[in-house]
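Take a look at the structure below.
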Amino acid sequence: MAATVVRWRRYGDGGQELRPGTKSCRGGSKMHVIATYPGTAHEQLTTIGRGRRTGTYITIGMATRNLRTFRSVPVHSPTVLRLCEEAGVGGCLSGREDAGEPAALPGRLAAEYRATSWGAPHPLPCRCHECLTLSPG
C-alpha cells in the first residue's frame, strides 16, 4: 500500500502555524506503508520512502494524520522490497487484492485524525489538506 505525504500540516500552539511536509519527508512524497499498529488505533505507520535531505530511501514510523490518498500499488523497486524484508514486519503483500481492504481503513482514519488532533479553528489563510481540497479552483 502507498500513501502521499500532506503538502501542508498544522503545527504549534493550537495548530495555527503551517509547515510543509514533515520533518523527514517533503510534502507530496510517495511513501510505501509496510506495517500498521492496530493496538494504537493505527495512529502510527511504518513507511518506506525518500528522505527530505538525503534523497535516499528511509524506513520511518510516521503519524497517519500526515499521510493522505492511501492506495494499493504494486512495488517494483528492489530497494523498497529489500528494506521491507529488512524491517522484519512479515514482508510486503503480494498483490493489489491483498492490499485493497487494508488501504481503506488508514484513509478513513487519517482524515479523522487530522480533523480531531487540533482543538482550535484553522488559521487564515489555511493551506492544510482539508482546506485546499474544499477551496474552489
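None of the figures in this text is laboratory data; all of them are computed from the coordinates on show. Small disclaimer: the values here were computed from a predicted structure and weren't measured. We place every Cβ from the backbone using ideal geometry, glycine too, and count neighbours over all the protein chains shown.
If amide hydrogens are placed 1.01 Å from N in the peptide plane, which non-local residues have theirs closer than 5 Å to the one on Arg52?
For Arg52, whose amide H was placed from the backbone, the distant partners under 5 Å are Cys25, Arg26.
Label Glu43 and Ala87 with points 7 Å out from Cα along Cα→Cβ: what is the distance between them in nm?
2.0
What is the packing order of peptides 25-37, 74-86, taking the mean over residues of other C-beta atoms within 10 Å and listing the highest first?
Details: 25-37: 18.5, 74-86: 13.4.
Per-residue Cβ counts within 10 Å, averaged per peptide and sorted highest first, yield 25-37, 74-86.
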